[in-house]
Amino acid sequence: MNELIDLTLVCILLGLASLSLFTQSLFRAVMFFILLGLILALVWIRLDAPDIALAEAAIGAGITGILLLDALAHLRATSNTPPQLRQLKQPRFWLALISGAGVILLLALAISEPLAPAVALDLQVSENLTNSGVTHPITAILLNFRSYDTLLEVAVLVLAALVAVTLRQSDEHPVVNEYLPNPLLHACLKLFFPMIFLVSMYLLWAGAAQPGGAFQAGAVLAAAFVLFYLVGLKTQLAQNDIYLKGGWIFGLALFVLVGSMPLLYGQPFLTYPDSQAGIFILLIELGLTLSIGWILFSMFLLSQSSPLQKKDSP
Amino acid sequence: MSSYLIFAYGGVGLCGIGVFGFILHTHLLRRLIAFNLLGSGTFLILVGLSQSGRGEADYIPQALVLTGIVVAVAATALALVLIRRWAALTQHATLPEDQGPS
Amino acid sequence: MVHFPMAGLVVFPLLGALVSLALSQRWRTLMSFALILALLLNNALLLLQFYSQGMFNEAMGNWPAPLGIELRIDGLALIFSLMSAIVASICALYAYVYLRPAQLKLFWPFFWFLWVALNSIWLSSDLFNLYVGLELLSLAAVGLVALSRDALSLAAALRYLFAALLGSIGYLLGVALLYATYGTLSLVELSQHFSLTLSSSVALGFMFIGLLMKTAVFPMHSWLPPAHGGALTPVSALLSALVIKASFYIVLRLWTELSLDSAPTSAGLLMGILGSAAILWGGWMALHQTHLKLVVAYSTLAQIGYFMLIFPLLSDTNPHASHLAFQGGILMLLAHALAKAGMFLAAGNLLFCTGQKDLHSLAGLSRYRPLNIFAFGLAGVSIMGLPPSGGFNGKWLIIQSAMLQSQWQWVLVILLGSLLSAAYIFRVFSYTYQEVEGGDRFKQPSPLLEWSALSLSVLSILLGFASMLVLDLLPSHSVVTQ
């Protein structure tokens, strides 16, 4: 029975993937892609990975979807060439087909081999969990055992935001904040904001012991910021370059600072002081949540500020 | 077949479809969607296959996938910024070499 | 304080990135140069530490591998770290004078993130950490390409981004398969358990295709010339000298640490064929470009081909010849980093003088701007592989290794490639020697620009005299690790 559910999920997944790539309308393609993200969240739950399910729903489907839809609105003026599937004479088609089929064949061959991993890394995780300062293994891995990865990953996020602001500054269009037309909606959103903020903080707090953590909390916080922006409160904060960039680097700076402290005491980079790892992890996660929320929000915001300039000439 | 392995095969399918779409499409937005499918497929293989070897949840690949998702979102966001800027400058959503005679 | 120098390689550039985002214009430049000095000093300290205690590891967060991530300083990592420190510092100096203030403001954070990524890749011995480092590197490089913000560079950035993303995913697919098979991400531990089964071969295949795509090995190279040729000059130099080396470095690491030299020779042969094709194609294309920076960019394609020739020559049957090839490859990588950075900077100066991209506009420069032509020529000597230069020594070692193993086809390719490179470099020269009427109507680049280009070119020549000093850092038979 369970296998039937799994197989059905896989079929839906592959169907949605094909639809999102080969449907004629770009808008529908993006919609199918977002739907695929939601189905993926279900798949992650079936894979006993609730953390990823949360992240997939919030970041993979949510944020990516919003960004794609937003981009779509700006690409309206461009020539939308529908995918030309029937051009069998094109070498590109055959190259794509052979590559795709080759990848499937090779991967299927590779994963059909029986597995007997020589190293049991998961045992090491559970053995060292008590010294990590948190009780949720994934948080322990992300912010203690492999915190160096996470540090670089946050740098990647800051970098992406930086490219966005680099390309924006050549535009002269300032952010135009249009108030929502419906006062009822306005009031509702105002009410929602503190609730979403609370949810975000709960996710962060819960991350120490159960699924949740800085990245999921950050994505939710970004949603809160977007609402905050839509109801038209204090958006000039986001237009000030210093606050904008300060918000991005706050988490990274805190991380680097906490990580470098042990160097002064003759210990390796990113070592937490004995028995206080939990507090430091929470501190770093708080910084990361705020920064991630802010970065994702400013991606949204920066995209608002550069509308496609309509030109008469082609 | 364990459900972990089923999803690993699902990941293989996603990767294949992703590669096919990535090479076939010239529209940059579609290519970006294909890249994201390819990424999701890879993540499914990473978690599904590792867990099918052990027969239980393995937190290491799960943590890696969390990192991977965030990196993928950053890359996607960056690509979208570039694509939009490109479209604003040229009114095209494809690269010059793919625009063909029209 | 023992832990300081190694962590410094990552912490200082990270601080640089933070500082350049947080501070005002003047402080940002000042602090950046202070941090560059700190990094140079840090590298020197690391070199001393390496001389006194040899290779060493450090576990991030005090969690030893495989649970945590270990950084490793060995000869190879140290050479690449020193190389990036030298090239990046001089490029930063050049950028400070060359770029407009608005560009410089944006240049610094990207520059620093690029350096973080490079150092994290040189040091890492963890497969997944390398993936994150690669992504950081690609995004920083794409950001740098897009810095000039015109349509041409945007197209180049997009093309580059998509190639880089596809490459990263290929690499990550391989990592996924390897982790599922061996249960570890630590390169050291992996090498202990590794055996060339079907799934491992598929995994390595995906990883290599991805990495070679990021290195722009023929036939996956088409993104490179517009990106490197079209970027702002200091950016071109950084990309060509350092960024493409990072993905190649990972290939080299995997190949040597997983003892692929004892694998079937067909894999090495394939790498050699790709390399040969790159040498000939890159050289041929460089010969037919009309824009100076595109000549230099296509020359990079050809040079990447030479690096690829290491692989067919690494074999466990002849450790001595194999070691020669390894040493030669490292020397070529180093010489190329210095010479190509010098060449791009010199080319940027020449373009600044004429204000035009076209090769024809170079006429008369030999007479009026000899220093820049000299810098370009010195770098050319190393690229062509004429003695005395780092490029010559590298090529010589590779040829020796090929002759010892009777693999004559590579010798032939190297000689043909050298002829081609001589042709495209002398072709540039021939334009500069043409006489023009009207006397000196060229702009004069500031001395700092001229001297930073020249210093890199001179270093690539000096490498010819100091080759043994560098090669002594490598273990005496690093290839035959058991």
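Going through the stretch C:10-60 one residue at a time, which ones are hydrophobic (A, V, I, L, M, F, W, C) and more than 30 Å from residue C:102 (Cβ to Cβ)?
Hits for the stretch C:10-60 are C:41, C:44, C:45, C:46, C:47, C:48, C:50, C:55, C:56, C:59, C:60.
Within the stretch B:27-50, which residues are of a type in the set (S, T, N, Q) and facing chain A (nearest Cβ under 7 Å)?
First, pick out the residues of the stretch B:27-50 that are of a type in the set (S, T, N, Q): B:36, B:40, B:42, B:50.
Passing the criteria: B:36, B:40.
Does residue A:117 satisfy being more than 27 Å from residue C:7 (Cα to Cα), of a type outside the set (A, V, I, L, M, F, W, C) and in contact with a Ser or Thr (Cβ under 8 Å, 6 or more places away or on another chain)?
Yes, satisfied.
Determine which single condition residue B:56 fails, assuming it passes every other condition in (1) surrounded by fewer than 24 Cβ atoms within 10 Å (Cβ to Cβ); (2) closer than 22 Å to residue A:160 by Cβ; (3) charged (D, E, K, R).
In the conditions (1) surrounded by fewer than 24 Cβ atoms within 10 Å (Cβ to Cβ); (2) closer than 22 Å to residue A:160 by Cβ; (3) charged (D, E, K, R), residue B:56 misses (2) alone.
Answer yes if at least one residue in the stretch A:20-29 is within 16 Å of the chain's Cα centre (by Cα) and not basic (Lys, Arg), and no otherwise. Steps first, please.
First pass over the stretch A:20-29, keeping only residues within 16 Å of the chain's Cα centre (by Cα): none.
Checking the stretch A:20-29: not a single residue is within 16 Å of the chain's Cα centre (by Cα) and not basic (Lys, Arg).
A quick yes/no check of all residues on (1) aromatic (Phe, Trp, Tyr); (2) crowded, with 21+ Cβ neighbours inside 10 Å:
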position: A:24; (1), (2): no, no
position: A:31; (1), (2): no, no
position: A:36; (1), (2): no, yes
position: A:39; (1), (2): no, no
position: A:44; (1), (2): yes, yes
position: A:50; (1), (2): no, no
position: A:55; (1), (2): no, yes
position: A:59; (1), (2): no, yes
position: A:73; (1), (2): no, no
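List pairs: first residue in the stretch A:118-129 and within 9 Å of chain C (Cβ to nearest Cβ), second residue of a type in the set (Val, Ile, Thr) and surrounded by 14 or more Cβ atoms within 10 Å (Cβ to Cβ) anywhere in the structure, Cβ distance under 8 angstrom, at least six positions apart or on different chains.
Pairs that qualify, where the first residue is within 9 Å of chain C (Cβ to nearest Cβ) and the partner is of a type in the set (Val, Ile, Thr) and surrounded by 14 or more Cβ atoms within 10 Å (Cβ to Cβ), are A:118/C:184; A:119/C:184; A:121/B:60; A:121/C:184; A:122/B:60; A:125/A:141; A:125/B:60.
With respect to the numbered conditions (1) in contact with a Cys (Cβ under 9 Å, 6 or more places away or on another chain); (2) part of a helix (DSSP H, G or I), which one is the sole condition not fulfilled by residue C:394?
Evaluating residue C:394 over (1) in contact with a Cys (Cβ under 9 Å, 6 or more places away or on another chain); (2) part of a helix (DSSP H, G or I) leaves (1) as the failure.
How about the stretch C:186-198: which of its residues are in a helix (DSSP H, G or I) and surrounded by 22 or more Cβ atoms within 10 Å (Cβ to Cβ)? Talk me through it step by step, then tell me what you get.
Here is the first cut: in the stretch C:186-198, the residues in a helix (DSSP H, G or I) are C:187-193, C:198.
Matches in the stretch C:186-198: C:187, C:190.
Identify all residues within the stretch B:53-73 that are over 11 Å from the mean Cα position of the chain (by Cα) and more than 7 Å from chain A (Cβ to nearest Cβ); write none if there are none.
B:55, B:56, B:61, B:64 - these are the residues of the stretch B:53-73 that are over 11 Å from the mean Cα position of the chain (by Cα) and more than 7 Å from chain A (Cβ to nearest Cβ).
If I ask for residues that are within 14 Å of residue C:429 (Cβ to Cβ), in a helix (DSSP H, G or I) and not small (Gly, Ala, Ser), which ones from the stretch C:346-369 would you list?
Within the stretch C:346-369, C:350, C:359, C:360, C:362, C:365, C:367 qualify.
Output the residue which, of all residues in the stretch A:258-274 that are of a type in the set (Ser, Thr, Tyr) and facing chain C (nearest Cβ under 8 Å), is nearest to residue A:134 (Cα to Cα).
A:272
Checking the condition surrounded by 24 or more Cβ atoms within 10 Å (Cβ to Cβ) and touching a Cys at 6+ places or on another chain (Cβ under 9 Å), which residue from B:21, B:41, B:48, B:16 passes?
On the way: B:21 fails: touching a Cys at 6+ places or on another chain (Cβ under 9 Å); B:48 fails: touching a Cys at 6+ places or on another chain (Cβ under 9 Å); B:16 fails: touching a Cys at 6+ places or on another chain (Cβ under 9 Å).
Among B:21, B:41, B:48, B:16, only B:41 is surrounded by 24 or more Cβ atoms within 10 Å (Cβ to Cβ) and touching a Cys at 6+ places or on another chain (Cβ under 9 Å).
Can you tell me which of B:83, B:23, B:6, B:69 is assigned to a helix (DSSP H, G or I) and closer than 25 Å to residue A:151 by Cβ?
Residue meeting the stated conditions: B:69.
When residue C:99 is evaluated against the numbered criteria (1) over 22 Å from residue A:260 (Cα atoms); (2) in contact with a strand residue (DSSP E or B) (Cβ under 9 Å, 6 or more places away or on another chain), which criterion, by number, is the only one it fails?
Single failed check for residue C:99: (2).
Output yes when any residue across the stretch C:239-257 is closer than 30 Å to residue C:453 by Cβ, polar (S, T, N, Q) and assigned to a helix (DSSP H, G or I), and no when none is.
Checked the stretch C:239-257: at least one residue is closer than 30 Å to residue C:453 by Cβ, polar (S, T, N, Q) and assigned to a helix (DSSP H, G or I).
If we only count helices (runs of 4 or more DSSP H) wholly inside the stretch C:19-125, which ones have 1 or more residues that are within 10 Å of another protein chain (Cβ to nearest Cβ)?
C:101-123
No value in this document is a laboratory result; all are computed from the given coordinates. Here the structure is a predicted model, which is why all the values come from computation and not from measurement. Glycine gets a Cβ as well: all are built from the backbone with ideal geometry, and neighbour counts include every protein chain shown.
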